[in-house]
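The values are calculated or read from the model by the stated rules, or taken from the named source; none is laboratory data. Because the structure is a prediction, the values reported are computed rather than measured. With ideal geometry, Cβ positions are generated from the backbone for all residues, glycine too; neighbour counts draw on all protein chains shown.
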Amino acid sequence: MKTDKPVSIQSRDYWFKIVEFLQQNWALIEPSADGTGCIVFFFGDTSGVFDRLEFVSVEEAETALIHNGFARFAADKNAQGFLAAPKPPFHESKHPNGNIYSSGKFWDNAPLARRKPKRTKRQRATVIVEIAGEILLTETRKGLVLLPGGGFDRGELAIAAAARELHEETGLEATTLAHLFNYESETTYHNVFHAVAHGTPVAGDDAVRLIFIKGDALASSINISPATRVIMDKFAKLSAAGSV
């Protein structure tokens, strides 16, 4: 049943699903004005909006539409040959069977329910310590070269983790630790510290060998991790600017 109340929809990227002979359900994905998600409007051939669903992103909405038998009209040349998308203005309407999608009666959220939540990135204390003008690096059992450091113990502060990891991997005792900056790689959130330390450096814990490097880490042929190269380059620029 059609009512006179208009519905404002700006999108014209139509999606469709053939439900009966010569009858289609249509959908348009309308991003929220504040950018926090989107609404999918469902309507019939006469532009009457009979249902709505909310999603956290356009990508999620598109995934759900495809899983539930909808197809993008602009990508289906065959459908364009015998169907015509409903034209605005859109208006409020009612489906004979009620809210068929938002009620879950004819809607399956399985692909969204199976999605794994995003993993929180690992926090790492990463330490830059210079000895005789060279930066101390550690080599792992897999041959990857990193700055000394590691994850936090439960309830441990970043600065405490930095001192502990430096000692465990290199045998050095930090006399001072200064936080330089944070750097976020694809997998890890690095809390980067500059240390002044004393003692004789000896590889231990996760480190099988210690390496000293001087100069441009980005140009080095050593198997330095991409994140370590970026961090060392940022440190070099800070040093050149007199900020360390």
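General remarks:
- Filtered residue count, the range 181-209, keeping only those that are crowded, with 19+ Cβ neighbours inside 10 Å and among the aliphatic types (A, V, I, L, M): 4
- Within the range 214-230, if we keep just the residues that are of a type in the set (A, V, I, L, M) and more than 16 Å from THR140 (Cβ to Cβ), the residue that is modelled with the highest pLDDT turns out to be VAL230.
- Test: THR120 is in a loop (DSSP other than H, G, I, E, B) and either farther than 30 Å from SER8 by Cα or basic (Lys, Arg) (or both): yes
- Of residues in the range 225-244 being basic (Lys, Arg) and surrounded by fewer than 16 Cβ atoms within 10 Å (Cβ to Cβ), the one farthest from the chain's Cα centre (by Cα): LYS237
- The residue that is surrounded by the fewest Cβ atoms within 10 Å (Cβ to Cβ), counting only those in the range 132-163 that are among the hydrophobic types (A, V, I, L, M, F, W, C) and part of a loop (DSSP other than H, G, I, E, B), is ALA132.
Table: residues versus (1) out of contact with any Lys or Arg (no Cβ under 6 Å at 6 or more places or on another chain); (2) buried (at least 19 other Cβ atoms within 10 Å of the Cβ); (3) over 19 Å from LYS5 (Cβ atoms).
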{"position": "LEU28", "(1), (2), (3)": "yes, yes, no"}
{"position": "GLY37", "(1), (2), (3)": "yes, no, yes"}
{"position": "VAL49", "(1), (2), (3)": "yes, yes, no"}
{"position": "ARG52", "(1), (2), (3)": "yes, no, no"}
{"position": "ALA61", "(1), (2), (3)": "yes, yes, yes"}
{"position": "ALA64", "(1), (2), (3)": "yes, yes, yes"}
{"position": "ALA71", "(1), (2), (3)": "yes, no, yes"}
{"position": "ASN78", "(1), (2), (3)": "yes, no, yes"}
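- Residues (part of a loop (DSSP other than H, G, I, E, B) and surrounded by fewer than 16 Cβ atoms within 10 Å (Cβ to Cβ)) located in the range 82-99: PHE82, ALA84, LYS87, PRO88, PRO89, LYS94, PRO96, ASN97, GLY98
- For LEU147, the criteria (1) at pLDDT 90 or above; (2) outside the structural domain of SER225 (by TED's automatic domain parsing) hold in every case but one, which is (2).
- Qualifying residue in the range 16-29 (condition: touching a helix residue (DSSP H, G or I) at 6+ places or on another chain (Cβ under 9 Å), over 19 Å from ASP108 (Cβ atoms) and without any contact (Cβ under 8 Å) to a residue 40 or more places away in the chain): no
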